[in-house]
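Notes follow the structure.
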Amino acid sequence: MLHSRYDGQSTSRPVLVERADGTLARRLDFPQSQTQESRSTDVALFAQDRVQANARWYVEFGGRLDRDGVVGAST
């Protein structure tokens, strides 16, 4: 089991797109400051076993179950 948390802030400056001759083609402005927050609990379970029929032959099998808390998907 893994629980993670992120609380932060991001500040972006304008992006200036210039033409080959150096003139300004476009300016992309972003909000001054953005607050970001993410919380997630991920769970993974793994089981494996081995069956040995004789000294030279055996079979292994296993399974895994994961749950990703960010996207809420299980695989």
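A few points about this structure:
- With the cut-off at under 16 Å, measuring from each backbone N in the stretch 28-62 to a point 7 Å along the Cα-to-Cβ line of residue 13 picks out 28-33.
- Extension gain for the segment residue 73 to residue 26, taken as residue separation times 0.36 nm less the Cα-Cα distance, is 13.0 nm to one decimal.
- Taking only protein heavy atoms and a 1.4 Å probe, the accessible area of the chain is 51% carbon and sulfur.
- 3J(HN,Hα) along the stretch 17-28: 9, 10, 7, 4, 8, x, 7, 6, 8, 7, 10, 10 Hz, from the Karplus curve 6.51 cos²θ - 1.76 cosθ + 1.60 with θ = phi - 60°, whole Hz, x for Gly and Pro.
- Per residue, the accessible area of the chain comes to 91 Å² when a 1.4 Å probe rolls over the protein heavy atoms.
- Overall dimensions of the chain as given by Cα atoms, namely Rg and Dmax in Å: 25.6, 78
- Integer Hz, Karplus 6.51/-1.76/1.60 couplings in order for the stretch 63-75, x for Gly and Pro: x, 9, 10, 10, 10, 8, x, 5, 9, x, 10, 10, 10
The values are calculated or read from the model by the stated rules, or taken from the named source; none is laboratory data. Keep in mind that this is a model prediction, so the values were computed, not measured. Note that we place each Cβ from the backbone using ideal geometry, even for glycine, and neighbour counts take in every protein chain shown. Surface accessibility is based on the protein's heavy atoms, side chains included, excluding ligands, DNA and RNA. Shrake-Rupley method; radii C 1.70, N 1.55, O 1.52, S 1.80 Å.
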